[in-house]
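The values are calculated or read from the model by the stated rules, or taken from the named source; none is laboratory data. Keep in mind that what you see is a predicted model, and the values were worked out from it rather than measured. Cβ placement follows ideal geometry from the backbone for every residue including glycine, while neighbour counts extend to all protein chains displayed.
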Amino acid sequence: MLIEAIVVVSVIIISILSALSVTQKSISLARQSLHQSQAAFLLEEGAEAVRIMRDNAWSNISSLTLSTDYYPAFSAGTWTLSLTPSQVGIFTRKVVISSAYRDANQNLASSGTLDSQTKLVTVTVSWMEGEQTFSKTLQFYLTDIFS
């Protein structure tokens, strides 16, 4: 009788520990999914901030130093890019402006003739989760469409 009771208790304990392990993993995956979604929204917001700056004046974009990390900030009712790192919750969002080139057919390319009216914009959102750093990146071309 004692052996049967030990076996039953062991099975119950193993079942409970397994259920707790599955629950812990589920919570971790749900948190990662939430952070991925939030990062995607922050990426899109960063891209829209740069587009708004372009719409206000192309010089807001063309005057920036190429290959420099900028951090979007919303203040006084408008978007700006600052050299001072900033965070949105656990996320760090940065914008890097690079030169854009056109090939012989006038298509955007990685090399060729420099196009001063177009810039390559890279928005990156990164965050720490436990000991691991995650990041998402969005690249797009921005053109001076108002001149």
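Scan segment 96-147 residue by residue and report those that are among the polar types (S, T, N, Q) and over 19 Å from the mean Cα position of the chain (by Cα).
S99, N105, Q106, N107, S110, S111, T113, S116, Q117, T118, T143, S147
Considering each residue of segment 95-112, count those that are hydroxyl-bearing (S, T, Y) and surrounded by 15 or more Cβ atoms within 10 Å (Cβ to Cβ), and give that number.
Selection size over segment 95-112: 1.
In segment 113-125, is there at least one residue being surrounded by 15 or more Cβ atoms within 10 Å (Cβ to Cβ), within 30 Å of K25 (Cα to Cα) and modelled with pLDDT of 95 or more?
Looking for residues that are surrounded by 15 or more Cβ atoms within 10 Å (Cβ to Cβ), within 30 Å of K25 (Cα to Cα) and modelled with pLDDT of 95 or more, one finds at least one in segment 113-125, hence yes.
Keeping to segment 68-106, report how many residues are in contact with a strand residue (DSSP E or B) (Cβ under 7 Å, 6 or more places away or on another chain), within 23 Å of W127 (Cβ to Cβ) and not β-branched (V, I, T).
Number satisfying all stated conditions: 14.
Test A30 against the criterion of being free of Cβ contacts under 8 Å to residues at least 60 places away in the same chain and assigned to a strand (DSSP E or B), and give yes or no.
no
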